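The values are calculated or read from the model by the stated rules, or taken from the named source; none is laboratory data. On a predicted model such as this, the values are computed, not experimentally measured, just so you know. FYI the Cβ positions are ideal-geometry reconstructions off the backbone, even for glycines, and counts take in every protein chain you see.
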Amino acid sequence: MERTKNKPQTILTNDPSMTAWGWVILTWDEQILDSGCIKTKPDYKKKRIRKGDDTVRRVREINHQLLSIINKYNVNYVISELPHGSQNANAAVMIGIVTGILQTICDCKQLGIEWYSEGDAKKHLIGKIAATKRTIIDAIDDLYDMPWTNTKYIDEATADAMAIYHVAKFQSSTLKLMKS
């Protein structure tokens with residue numbers, strides 16, 4: 001892929017989810033360029049289609065939006081939370097889907113990607129692995145100039161994406177190398 005010389009190279013950090021995928025675009029010197037949340041919801045009953053077909057529709061929506069973000073901001077590196085655990089079989093399938101979406105996009109676009117756990121991000125950010133969404137938002141607000149929307153699900157998802165970036169900033173050899 002040919003890079004545009006006049007655009008800064010950027011990092012995409014993610015809190016992946018089928019329902020509210022938080023993302024933030026940063027430059028290598030930590031300027032936040034954009035953030036948002038890709039929201040999809042099941043709609044198979046209303047559309048009178050099979051549940052599996054509706055899941056594929058949601059995957060397609062996420063793919064299109066992520067690819068648009070990656071292309072718009074000249075993303076050259078990706079950081080993401082690695083989803084874990086689930087309360088039921090359907091949730092386990094969704095974890096596999098969102099992990100597959102992001103890894104496949106990175107493989108196809110030849111983008112480097114690093115995965116971090118939610119627990120490691122919280123522990124690094126606030127010193128413990130159990131925290132409320134509000135605590136994470138407040139901690140991120142103290143560290144970064146986030147463009148908050150005052151929409152709860154968006155701010156929670158983007159704060160989680162930044163928490164993942166925050167732990168990567170200290171643990172990633174690639175980020176340390178690119179910043180030096």
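Things to note:
- Among residues of segment 124-137, those that are assigned to a helix (DSSP H, G or I) and either surrounded by 15 or more Cβ atoms within 10 Å (Cβ to Cβ) or in contact with a Ser or Thr (Cβ under 9 Å, 6 or more places away or on another chain) (or both), counted: 6
- Condition check for Asp15: charged (D, E, K, R), surrounded by fewer than 16 Cβ atoms within 10 Å (Cβ to Cβ) and farther than 17 Å from Leu175 by Cβ: no
- In segment 126-135, the count of residues that are β-branched (Val, Ile, Thr), at pLDDT 95 or above and under 16 Å from Asp29 (Cα atoms) is zero.
- Residue check for Asn14: at pLDDT 95 or above and under 23 Å from Ile140 (Cβ atoms): yes
- Looking across segment 101-123, the residues that are among the small types (Gly, Ala, Ser) and surrounded by fewer than 16 Cβ atoms within 10 Å (Cβ to Cβ) come down to Gly112, Ser117, Gly119.
- Contact map, segment 37-50: first residue over 28 Å from Glu156 (Cα atoms), second residue at pLDDT 75 or above and part of a loop (DSSP other than H, G, I, E, B), Cβ cut-off under 6 Å, separation 6 or more or different chains; the map is empty.
- Filter pass, Val98 being touching a strand residue (DSSP E or B) at 6+ places or on another chain (Cβ under 8 Å) and part of a strand (DSSP E or B): no
- Residues of segment 144-158 that turn out to be assigned to a helix (DSSP H, G or I) and loosely packed, with under 14 Cβ neighbours inside 10 Å, as a count: 1
- Screening the candidates Ala161, Ala121, Ala92 for the property of being hydrophobic (A, V, I, L, M, F, W, C), outside any loop (DSSP other than H, G, I, E, B) and free of Cβ contacts under 8 Å to residues at least 12 places away in the same chain yields one hit, Ala92.
- Members of segment 133-180 that are under 16 Å from the mean Cα position of the chain (by Cα), of a type in the set (Ser, Thr, Tyr) and within 14 Å of Ile32 (Cα to Cα): Thr158, Tyr165
- Single residue of segment 42-56 satisfying the filter (part of a helix (DSSP H, G or I) and modelled with pLDDT of 80 or more) that is farthest from the chain's Cα centre (by Cα): Asp53
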